[in-house]
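Here is the structure we will look at, set down as structure tokens.
Taken together, the values in this text are just the output of simple stated rules run on the coordinates, not laboratory data. Since the structure is predicted, the reported quantities are computational estimates derived from the model, not experimental observations. Glycine gets a Cβ as well: all are built from the backbone with ideal geometry, and neighbour counts include every protein chain shown.
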Amino acid sequence: MSLTNCAIFKFPNCLTDLSVPVSQSAPQFDGVGDGFGFVLYPPKAGTIDSVTFATNTGQFTPNMTVRAGIYNVDSSTPALPNTASLFGGCVAGTRASANWTDGVYTITFGTGCTIASGDLGTLIAVILDVTVRTSGQFRLTNYGVASDITFPYGVANTTGTWGKLSSPGRYMSIVLNYHDGTVAYIPGSMDGFTSYTIGTGTTPDEVGLKITIPVKCRVIGASFNTGGLLKGVNINLYDNSGTRVAQKVIGDTAAASVGNTINILFASPVTLNGGDVIRLSLEASSASTQSVNKITPTITNMLSQMIGPSVVNSTAIATSRSDAGSWTDDATSFFPFNLLIDQIDPAAQGGGLLVHPGTSGGMRA
């Protein structure tokens, strides 16, 4: 099977320019009409039955009713929710509680939102807003990024008018649950973001992603979200047999970064085949600890939503080891590391390959 040049993209999860969670400084629900949402393209065709989200109530005990729905957007730039017009036949659902707490909740729509194939290029807004409030307030878990977000982006209404969230831009932490039990890739939608450190004296001292490659492709480098400068590490790529096939040594001089994202190129490209199970890792080479970001979602299916069999013909999970020993895999966590790919086999897996635009990234068999 032949490889074809393509625009360089990141796999498995294109989104790496992330900062720490900003849920405490995010818009808060403390009045009727207050709302928070996410403007995006529908991730895939099908019927969306419900939305799952996490709350951050702080010291408050909210007593309120929250509504969830999927809406059309207006024609402004940037596009903002039109909460008078539900999308895809959706009928909003509600959840009333006198005691909202920090936790994970799901609101089921009165009627599911049907996404047709022809709708995939139409912007929608996933909105949660307050319809009844007796007391208290809470915030939805969300994440900021190092710079403003071009797309997709968070929106909020705490003043009677919807607006795009900027400085920093924010991603809403949600999972859209489809009627067939699957989820779909939504860039930036995650929770459970923590800082993790490695050094030659830590256990483990090498961390990374174990990735199932969906189709034949060529890897030219890697991309990392480290939460800081990258130095004193080896960047390793291990093939299906566990052999290291590429390495980039980062010494005491820090690698250049854009925001929190660091991209590197290997000395030579590496071709991987569909079905290969490979590892991309950061290995400490200095006693000074290196900060990396790790994601351990609290929301059910969020890890699958970032990268999983129902999203692409692939899986990606956290992996680690100490002193070049045996690997330990963690199917509940994810490091925001990526392969940089510049060639793919468009005929692989008998179904072609979809390379998403830069705002969503990735590939599907």
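Each peptide in 290-296, 265-271, 34-40, 101-107 receives the mean, over its residues, of other Cβ atoms within 10 Å, and ordering these scores from highest gives 34-40, 290-296, 101-107, 265-271.
The alpha-carbon positions of the range 23-178 define a convex hull whose volume is 100 Å³ per residue. The calculated FRET efficiency for the pair residue 134 and residue 75, based on their C-beta separation and a Förster distance of 45 Å, comes to about 0.80.
Taking amide H positions as modeled 1.01 Å from N, with prolines and chain starts lacking one, the residues under 5 Å from residue 47 and 5 or more places away or on another chain are 115, 179, 180.
Phi-derived couplings, Karplus 6.51 cos²θ - 1.76 cosθ + 1.60 at θ = phi - 60°, listed residue by residue for the range 66-80: 10, 10, 10, x, 10, 10, 6, 10, 8, 9, 6, 10, x, 5, 10 Hz, with x used for Gly and Pro. Here residue 328 and residue 202 are evaluated by their C-beta separation; at R0 = 22 Å the FRET efficiency comes out at 0.95.
Taking all Cα pairs closer than 8 Å and separated by 6 or more residues, the relative contact order of the range 23-178 comes to 40 percent.
Modelled spin labels at residue 286 and residue 65, positioned 7 Å past Cα toward Cβ, are 5.8 nm from each other.
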